[in-house]
Amino acid sequence: MFPQIGARAPRRSRWSQAQRSWRLHWQLYLLVSVPLAYFVVFKYIPMSFSVIAFKDYSPVLGPWGSEWVGLRNFQALFSNPVFGTLLKNTLILAFYLVLASFPIPLLLALALNEIRNGWFKRTVQMVTYAPYFISTVVVVSITILLLSPRIGIVDANVLGDPSYFRHIYVWTDVWQTAGYSAVIYLAALAGIDPTLHESAKIDGASRLQRIRHVDLPGIMPTAVIMLILAAGNMMAIGFEKAYLLQNNLNLAQSEIIPTYVYKTGLINADFSMATAVGLFNSVVNLCLLLVVNFIAKRITGSGLWR
Amino acid sequence: MNKVRIREPFGDRVFLIVVKIMLAVALVVVLLPLLYIVASSLSSPDAVNSGRVTFWPVEFSTEAYRNVLSNAEVLRGYYNSLIYAVAGTLISVTLTVAIAYPLSRKTFYGRNVLMTLLIFTMLFSGGLIPTYMVVHDLGMLDTRWALLIPNAIGVWQVIIARTFFANSIPDELYEAAMLDGASELRVLRSVVLPLSKPLLAVLALMYTIYQWNTYFDALVYLKDPDLYPLQIVLRNMLILDKSRTGAVDLAQQMHQLQLANVLKYALIVVSSVPVLAIYPFVARHFTKGVMVGAVKG
């Protein structure tokens with residue numbers, strides 16, 4: 001109806017925008033070139049080297065010169081009886097880890113949020129946060145020392161029993177990271193509008209009711225993002241810890257995809273097969289992330305990407 | 001005047017007690033294993049091996065510590081890890097700022113493409129072997145560079161840094177600096193970085209702890225024991241039980257065997273002390289850093 005006053009000038013073409021940006025920021029482009037080279041060399045070139053999953057890799061011919069074999073590596077992988085066990089072990093461990101390490105930090109944060117600021121609260125926070133800074137090697141060492149039959153607190157050889165491996169892996173992980181993850185929820189809880197609590201109090205809501213109807217909805221978006229991140233990283237499950245906890249006796253459940261990739265690739269030097277397994281893992285991981293993100297968006301309206 | 005306090009309802013008071021008991025349980029569960037390790041490391045080998053140590057040293061002895069601190073392998077690992085931590089942190093923080101700062105500037109053409117390029121590496125990666133091939137081709141295998149360069153930049157850290165720059169450096173500052181004729185790099189050095197000390201502290205901390213605690217890269221890229229970081233030395237001595245004994249006669253061997261277990265406890269304490277000692281001072285900054293990254297920028 002009315003011609004807009006102060007309407008924006010027509011958008012400059014991309015080319016002139018780029019030129020202007022170069023004139024203004026040429027030093028920044030030079031600055032960025034070094035880290036950019038890093039990403040190209042250590043992230044994107046390896047991605048392109050994944051082609052050897054479809055080749056019979058020979059170090060002499062290099063990744064590009066080696067002979068194409070199509071899907072032969074994948075066929076060999078899928079028909080290998082080890083593959084089923086491997087996939088099962090990885091998925092069960094990953095799901096178990098996500099399920100166990102999701103609720104506990106949440107409970108810890110809700111509990112910490114209930115009590116008054118004081119030495120007790122500070123102590124609990126400090127102590128539960130500390131294991132996050134301890135290295136995996138040390139955590140596994142502590143576990144082994146505590147669980148070893150001779151000097152430890154249990155008699156049975158739980159470290160050599162495959163059926164205990166997952167419990168040990170998951171619960172030591174919860175031990176190490178619960179305090180750290182709780183901090184994120186505590187920050188979200190601190191961000192909840194205090195007037196909500198006030199009015200709930202006036203309405204006669206008990207502490208438990210306020211947790212249910214004020215706190216929980218308040219930290220829901222944070223919780224969803226944490227869950228997506230955890231689910232998205234499921235297949236990237238830690239090599240470090242699984243490999244350290246592994247021994248010849250518990251392999252039946254402790255052999256997972258990352259440890260298998262390491263052994264096939266670097267110990268048996270079968271580069272093509274190891275890359276095929278790794279590629280399979282990356283693709284499954286990516287799909288899981290997309291699916292979880294989609295579901296989360298459907299249910300709560302918030303996902304990683306808007 | 002009497003202060004009138006509204007007493008909480010009975011149900012709420014009971015609930016609060018339950019909450020406190022739960023927290024006390026959590027505290028104990030986290031603390032006890034750590035106490036046991038420290039207590040054992042300070043006990044006599046005999047007391048540890050016969051299982052008499054619980055959460056307090058029995059037959060106090062510092063023999064294990066004296067042994068650990070005079071062990072050449074441990075000392076070399078310590079030295080190497082210090083090098084990796086200091087050099088790695090310097091390289092990583094520099095590179096992270098170098099890419100995060102331009103990404104934070106609204107007029108920097110191409111920032112969206114660049115960011116997408118970075119985020120994609122979080123979703124999909126070439127994997128272990130292709131990365132190993134690149135490191136091999138660059139001739140970095142069995143050199144210190146293999147631990148410093150291939151994992152130098154964390155995308156998560158870039159996001160944290162970019163968000164910090166975008167949110168805490170006002171645009172007016174750039175305009176003012178430009179009017180004064182300062183070049184872009186000059187602005188970064190003299191205006192932005194001095195205002196970003198909390199960020200630099202957080203980044204340095206995250207990278208230092210990563211370098212100190214990781215062992216994977218060393219396992220994959222290093223064969224030369226002289227270059228081993230502390231974590232690999234720990235793994236060999238604690239988990240693979242590969243500590244060398246120089247004992248000659250039987251009595252000495254028996255003692256060495258007894259000592260071996262206590263040594264492990266002392267080793268755990270000695271290797272974790274640097275990180276745990278700085279942690280109470282930096283914990284707040286650390287969480288702040290995590291929060292900054294969580295805000296979508």
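The values are calculated or read from the model by the stated rules, or taken from the named source; none is laboratory data. Please read these numbers as outputs of a predicted model, since none were measured by experiment. Here Cβ is always computed from backbone atoms with ideal geometry, including for glycine, and neighbour counts include all displayed protein chains.
So B:LEU69 clears everything in (1) out of contact with any Pro (no Cβ under 9 Å at 6 or more places or on another chain); (2) within 30 Å of A:LEU31 (Cα to Cα) except one condition, right? Which one?
Only one criterion in (1) out of contact with any Pro (no Cβ under 9 Å at 6 or more places or on another chain); (2) within 30 Å of A:LEU31 (Cα to Cα) is unmet by B:LEU69, namely (2).
As an exercise: evaluate A:VAL98 against (1) in contact with a helix residue (DSSP H, G or I) (Cβ under 7 Å, 6 or more places away or on another chain); (2) surrounded by 15 or more Cβ atoms within 10 Å (Cβ to Cβ); (3) free of Cβ contacts under 8 Å to residues at least 12 places away in the same chain and give the number of the one condition it does not meet.
All conditions are met except number (3).
Select, from A:GLY238, A:GLY204, the only residue that is of a type outside the set (Phe, Trp, Tyr) and either surrounded by 22 or more Cβ atoms within 10 Å (Cβ to Cβ) or under 30 Å from A:TYR57 (Cα atoms) (or both).
Details: A:GLY204 fails: either surrounded by 22 or more Cβ atoms within 10 Å (Cβ to Cβ) or under 30 Å from A:TYR57 (Cα atoms) (or both).
Sole residue among the options that is of a type outside the set (Phe, Trp, Tyr) and either surrounded by 22 or more Cβ atoms within 10 Å (Cβ to Cβ) or under 30 Å from A:TYR57 (Cα atoms) (or both): A:GLY238.
Any residue that is more than 26 Å from A:ALA269 (Cα to Cα), within 11 Å of chain A (Cβ to nearest Cβ) and buried (at least 17 other Cβ atoms within 10 Å of the Cβ) - is there at least one of those in the stretch B:129-137?
Let us first name the residues in the stretch B:129-137 that are more than 26 Å from A:ALA269 (Cα to Cα), namely none.
No: zero hits.
Would you point out which residue out of A:LEU229, A:LEU244, A:LEU196 is touching a helix residue (DSSP H, G or I) at 6+ places or on another chain (Cβ under 8 Å), under 26 Å from A:TYR169 (Cβ atoms) and either in a helix (DSSP H, G or I) or within 13 Å of chain B (Cβ to nearest Cβ) (or both)?
A:LEU244
Any residue at all in the stretch A:142-157 that's assigned to a helix (DSSP H, G or I) and modelled with pLDDT of 90 or more? Let's see the steps before the verdict.
Let us first name the residues in the stretch A:142-157 that are assigned to a helix (DSSP H, G or I), namely A:142-147.
Pick out the ones that are also modelled with pLDDT of 90 or more and you get A:142-143.
Looking through the stretch A:142-157, at least one residue is assigned to a helix (DSSP H, G or I) and modelled with pLDDT of 90 or more.
Just one of (1) more than 10 Å from every other protein chain (Cβ to nearest Cβ); (2) more than 24 Å from B:LEU234 (Cβ to Cβ); (3) over 22 Å from the mean Cα position of the chain (by Cα) trips up B:ARG105, so point out which.
(1)
Check every one of the helices (runs of 4 or more DSSP H) wholly within the stretch A:33-83 and list those with 3 or more residues that are on the phi < 0 side of the Ramachandran plot and either in contact (Cβ under 8 Å) with a residue 40 or more places away in the chain or among the small types (Gly, Ala, Ser) (or both).
Values: elements: A:45-49, A:62-65, A:72-79.
In the stretch A:33-83, the matching helices (runs of 4 or more DSSP H) lie at A:72-79.
State whether one or more residues within the stretch A:208-223 are touching a Ser or Thr at 6+ places or on another chain (Cβ under 7 Å) and not small (Gly, Ala, Ser). Walk me through how you get there before you give the answer.
Of all residues in the stretch A:208-223, those touching a Ser or Thr at 6+ places or on another chain (Cβ under 7 Å) come to A:220-221.
Within this subset, residues satisfying the condition of being not small (Gly, Ala, Ser) are A:220-221.
Checking the stretch A:208-223: at least one residue is touching a Ser or Thr at 6+ places or on another chain (Cβ under 7 Å) and not small (Gly, Ala, Ser).
Just checking, does the stretch B:55-64 include any residue being touching a residue at least 60 places away in the same chain (Cβ under 8 Å) and closer than 30 Å to A:ARG14 by Cβ?
No, the stretch B:55-64 contains no residue that is touching a residue at least 60 places away in the same chain (Cβ under 8 Å) and closer than 30 Å to A:ARG14 by Cβ.
Yes or no, residue by residue, for (1) closer than 19 Å to B:ASN151 by Cβ; (2) away from every other protein chain (no Cβ under 13 Å); (3) of a type in the set (Val, Ile, Thr):
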{"site": "A:VAL40", "(1), (2), (3)": "yes, no, yes"}
{"site": "A:LYS55", "(1), (2), (3)": "no, no, no"}
{"site": "A:VAL60", "(1), (2), (3)": "no, yes, yes"}
{"site": "A:SER66", "(1), (2), (3)": "no, no, no"}
{"site": "A:LEU71", "(1), (2), (3)": "no, yes, no"}
{"site": "A:PHE74", "(1), (2), (3)": "no, yes, no"}
{"site": "A:PRO81", "(1), (2), (3)": "no, yes, no"}
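For the stretch A:6-49, give me each residue that is modelled with pLDDT under 85 and among the hydrophobic types (A, V, I, L, M, F, W, C).
A:ALA7, A:ALA9, A:LEU24
Does B:ALA166 satisfy being out of contact with any strand residue (DSSP E or B) (no Cβ under 8 Å at 6 or more places or on another chain), more than 7 Å from every other protein chain (Cβ to nearest Cβ) and under 19 Å from A:TRP26 (Cα atoms)? Break it down into steps so the answer makes sense when it comes.
On the way: out of contact with any strand residue (DSSP E or B) (no Cβ under 8 Å at 6 or more places or on another chain): yes; more than 7 Å from every other protein chain (Cβ to nearest Cβ): yes; under 19 Å from A:TRP26 (Cα atoms): no.
It is false that B:ALA166 is out of contact with any strand residue (DSSP E or B) (no Cβ under 8 Å at 6 or more places or on another chain), more than 7 Å from every other protein chain (Cβ to nearest Cβ) and under 19 Å from A:TRP26 (Cα atoms).
Return the pair list, or none, for Cβ contacts closer than 6 Å from residues in the stretch B:212-235 that are without any contact (Cβ under 8 Å) to a residue 24 or more places away in the chain to residues that are among the hydrophobic types (A, V, I, L, M, F, W, C) and in a helix (DSSP H, G or I), at least 6 apart or on different chains.
Here the result reads B:TYR215/A:VAL137; B:TYR215/B:ILE232; B:ARG235/A:VAL137, each pair linking the stretch B:212-235 to a residue that is among the hydrophobic types (A, V, I, L, M, F, W, C) and in a helix (DSSP H, G or I).
Quick one: which residue in B:LEU238, B:LEU205 is within 11 Å of chain A (Cβ to nearest Cβ), surrounded by 16 or more Cβ atoms within 10 Å (Cβ to Cβ) and under 28 Å from A:LEU159 (Cβ atoms)?
Values: B:LEU205 fails: under 28 Å from A:LEU159 (Cβ atoms).
Matching residue, one of B:LEU238, B:LEU205: B:LEU238.
So B:LYS20 fits all but one of (1) farther than 26 Å from A:TYR129 by Cβ; (2) within 9 Å of chain A (Cβ to nearest Cβ); (3) among the charged types (D, E, K, R); what number is the exception?
Status for B:LYS20: all satisfied but (1).
Tell me which residues, restricted to the stretch B:53-83, are more than 10 Å from every other protein chain (Cβ to nearest Cβ), in a loop (DSSP other than H, G, I, E, B) and exposed (fewer than 15 other Cβ atoms within 10 Å of the Cβ).
B:PHE55, B:TRP56, B:GLU59, B:PHE60, B:THR62, B:SER70
Filtering the stretch B:143-172 down to residues that are assigned to a helix (DSSP H, G or I) and out of contact with any helix residue (DSSP H, G or I) (no Cβ under 6 Å at 6 or more places or on another chain), which residue is surrounded by the most Cβ atoms within 10 Å (Cβ to Cβ)?
The first filter runs over the stretch B:143-172 and keeps only residues assigned to a helix (DSSP H, G or I), leaving B:145-148, B:155-168, B:171-172.
When the remaining residues are screened for being out of contact with any helix residue (DSSP H, G or I) (no Cβ under 6 Å at 6 or more places or on another chain), the result is B:145, B:156, B:167-168, B:171-172.
Values: B:TRP145: 16, B:TRP156: 13, B:ASN167: 12, B:SER168: 14, B:ASP171: 11, B:GLU172: 8.
Per the criteria, the residue is B:TRP145.
Against the condition in contact with a Pro (Cβ under 6 Å, 6 or more places away or on another chain), more than 7 Å from every other protein chain (Cβ to nearest Cβ) and either free of Cβ contacts under 8 Å to residues at least 40 places away in the same chain or not basic (Lys, Arg) (or both), how does A:ILE92 come out, does it pass?
Working: in contact with a Pro (Cβ under 6 Å, 6 or more places away or on another chain): no; more than 7 Å from every other protein chain (Cβ to nearest Cβ): yes; either free of Cβ contacts under 8 Å to residues at least 40 places away in the same chain or not basic (Lys, Arg) (or both): yes.
For A:ILE92, the condition - in contact with a Pro (Cβ under 6 Å, 6 or more places away or on another chain), more than 7 Å from every other protein chain (Cβ to nearest Cβ) and either free of Cβ contacts under 8 Å to residues at least 40 places away in the same chain or not basic (Lys, Arg) (or both) - is not met.
How many residues does the stretch B:173-224 contain that are part of a helix (DSSP H, G or I) and small (Gly, Ala, Ser)?
Taking the stretch B:173-224 as the starting set, the residues that turn out to be part of a helix (DSSP H, G or I) are B:173-179, B:184-195, B:197-213, B:216-221.
Subset that is small (Gly, Ala, Ser): B:176-177, B:190, B:201, B:204, B:218.
Residues in the stretch B:173-224 being part of a helix (DSSP H, G or I) and small (Gly, Ala, Ser): 6 in total.
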